[in-house]
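> Dropping the structure in here first, questions after.
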Amino acid sequence: MGVLEIVPAGVLTGDNVRKLFEYAKENQFAIPAINVTSSSTANAVLEAARDIKAPIIIQVSQGGSAYFAGKGLANDKQQASILGAIAAAHHVRTVAKEYGVPVVLHSDHCAKKLLPWFDGMLKADEEYFAHHGEPLFSSHMLDLSEESKEENIAICVQYFERMAKLGLWLEMEIGITGGEEDGVDNTEVDNAKLYTQPEDIWDVNLALSKISPNFSIAAAFGNVHGVYKPGNVKLHPELLQKHQVYAEGKLGGSKKPLFLVFHGGSGSTKEEIKTGVENGVVKMNVDTDTQFAYLAGIRDFVTSKIGYLKTQVGNPEGADKPNKKYYDPRIWVREGEKTLVVRVKEACTDLGNINRL
Ligand SMILES: [Zn+2]
């Protein structure tokens, strides 16, 4: 039985999101969540998923959302981030079905100071729900991991009550992902916070499960955003098993009850990924590696064709030869899309998310 027998193609919402994650957990694979910043990157992600017959998660960060709307817009009140996230969501909704794959449309880390961005997206979800009976997005992440556990859970509960009415999935973070991403710098954070404790995960589960079963937890197991020299990062995905066992003990019976999310996945080994998936990771974020992949095709094209890119007319083949077919963005941006497609397929393959439709 493939994924399309359980959920439809296109953007998923409500219980369909949980059905997809349950299917992934049961069949021991995870779905990569790729950060997009433009229609070009979003289309490449969809193309990759279609080619390897797999569901996919497309996500926008706060900064990526602002970029989607345009760097020329002011963002002092998160207005560009709100508009860009909405624009990205509408773009993906418009084209996703045509690619024939199920898509989870998600927003990435939202810290306390960025809650106005979250509020704007949630308002758009409510408006979309009023017309279409489902939210605009599939899912949002709240990241209050820098706050106390009590405050983190309280804010998540407050938002999740509103989200559950619309059928939105919530991803929350407890424990801190180290490193630096999108302007949030956690490189100096205390080491103990980089490893979440099972009791903390259970407290989250207890509070959120009263509202809806549609949530996941990004637990810290030494994760760091970005890519560093090998040896600098100590990932312990085997610790995730403790959370599942602890929750199983409390719930009595149900195997691997928690939906877990793997942050800071760029640069991790195949073994670390495999251990994560075995312990209930259903989503792994990939940003740094796909950023580099998008550059690679464009860089190589510009480097190899530099003689054709300096003037509109005149290249190594002759002084009167036109260069339009080299500088047209559909040519050189497409080269970045092609290398991004390859890298997304690799991420899917590493997670076992291939031939799943
Ligand atoms: Zn992250």
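The values are calculated or read from the model by the stated rules, or taken from the named source; none is laboratory data. Predicted model only: the values in this text are computed from it and were never measured. Ideal geometry is used to build each Cβ from the backbone, glycine not excepted, and the neighbour counts take in all protein chains shown. The protein model used for the area step is the full one, side chains on, heavy atoms only, and it has no ligands, DNA or RNA in it. Shrake-Rupley method; radii C 1.70, N 1.55, O 1.52, S 1.80 Å.
> Condition check: outside any strand (DSSP E or B) and either polar (S, T, N, Q) or buried (at least 20 other Cβ atoms within 10 Å of the Cβ) (or both). Does Gly84 satisfy that?
Spelling it out, Gly84 is indeed outside any strand (DSSP E or B) and either polar (S, T, N, Q) or buried (at least 20 other Cβ atoms within 10 Å of the Cβ) (or both).
> Across the stretch 237-265, which residue is nearest to the ligand (Cβ to nearest atom) among those that are under 18 Å from Asn214 (Cβ atoms) and assigned to a loop (DSSP other than H, G, I, E, B)?
Checking each candidate, the answer is Phe259.
> Being open to solvent by 80 Å² or more (accessible area, probe 1.4 Å) and either at pLDDT 90 or above or over 22 Å from Val157 (Cβ atoms) (or both) is the requirement here; does Glu199 meet it?
yes
> Also: Which residue is farthest from Ala218 (Cα to Cα), if the candidates are limited to the stretch 6-34 and must be outside any loop (DSSP other than H, G, I, E, B) and β-branched (Val, Ile, Thr)?
Just the residues of the stretch 6-34 that are outside any loop (DSSP other than H, G, I, E, B), to begin with: 10-11, 15-26, 31-34.
From the residues that got through so far, the ones that are β-branched (Val, Ile, Thr) too are 11, 17, 31, 34.
Details: Val11: 22, Val17: 17, Ile31: 14, Ile34: 16 Å.
Selected residue: Val11.
> Also, quick follow-up: Taking only pairs six or more apart or across chains, which ones have beta-carbon atoms under 6 Å, a first residue in the stretch 207-234 that is at positive phi and at pLDDT below 95, and a second residue that is hydrophobic (A, V, I, L, M, F, W, C) and within 16 Å of the ligand (Cβ to nearest atom)?
Gly222/Leu194; Gly222/Leu235
> Ser268 versus (1) in a loop (DSSP other than H, G, I, E, B); (2) away from the ligand (no atom under 16 Å from the Cβ): which is the lone unmet condition?
The single condition Ser268 does not satisfy is (2).
> Same structure again: Looking at the stretch 271-282 only, could you name the residues that are open to solvent by 10 Å² or more (accessible area, probe 1.4 Å) and within 16 Å of the ligand (Cβ to nearest atom)?
The answer is Glu272, and nothing else.
> Scan the stretch 283-298 residue by residue and report those that are within 15 Å of the ligand (Cβ to nearest atom), assigned to a helix (DSSP H, G or I) and open to solvent by less than 30 Å² (accessible area, probe 1.4 Å). Steps first, please.
Applying the first criterion (within 15 Å of the ligand (Cβ to nearest atom)) to the stretch 283-298 yields 283-291.
Keeping just the survivors that are assigned to a helix (DSSP H, G or I) gives 288-291.
Listed by number, the list holds a single entry, Thr290.
> I want to confirm something. Restricting to the stretch 88-106 and keeping residues that are assigned to a helix (DSSP H, G or I) and in contact with a strand residue (DSSP E or B) (Cβ under 6 Å, 6 or more places away or on another chain), which single residue is farthest from Val3 (Cα to Cα)? Talk me through it step by step, then tell me what you get.
Step one: filter the stretch 88-106 for residues assigned to a helix (DSSP H, G or I), giving 88-99.
From what's left, in contact with a strand residue (DSSP E or B) (Cβ under 6 Å, 6 or more places away or on another chain): 88-89, 92-93, 96-97.
Numbers: Ala88: 24, Ala89: 22, Val92: 19, Arg93: 19, Ala96: 16, Lys97: 14 Å.
Restricting to residues being assigned to a helix (DSSP H, G or I) and in contact with a strand residue (DSSP E or B) (Cβ under 6 Å, 6 or more places away or on another chain), the top hit is Ala88.
> Is there any pair linking a residue in the stretch 289-304 that is within 23 Å of Asn315 (Cβ to Cβ) to one that is open to solvent by less than 30 Å² (accessible area, probe 1.4 Å) and in a helix (DSSP H, G or I), with Cβ under 6 Å and at least six apart or on different chains, and which?
Gly297/Gly336; Ile298/Gly336
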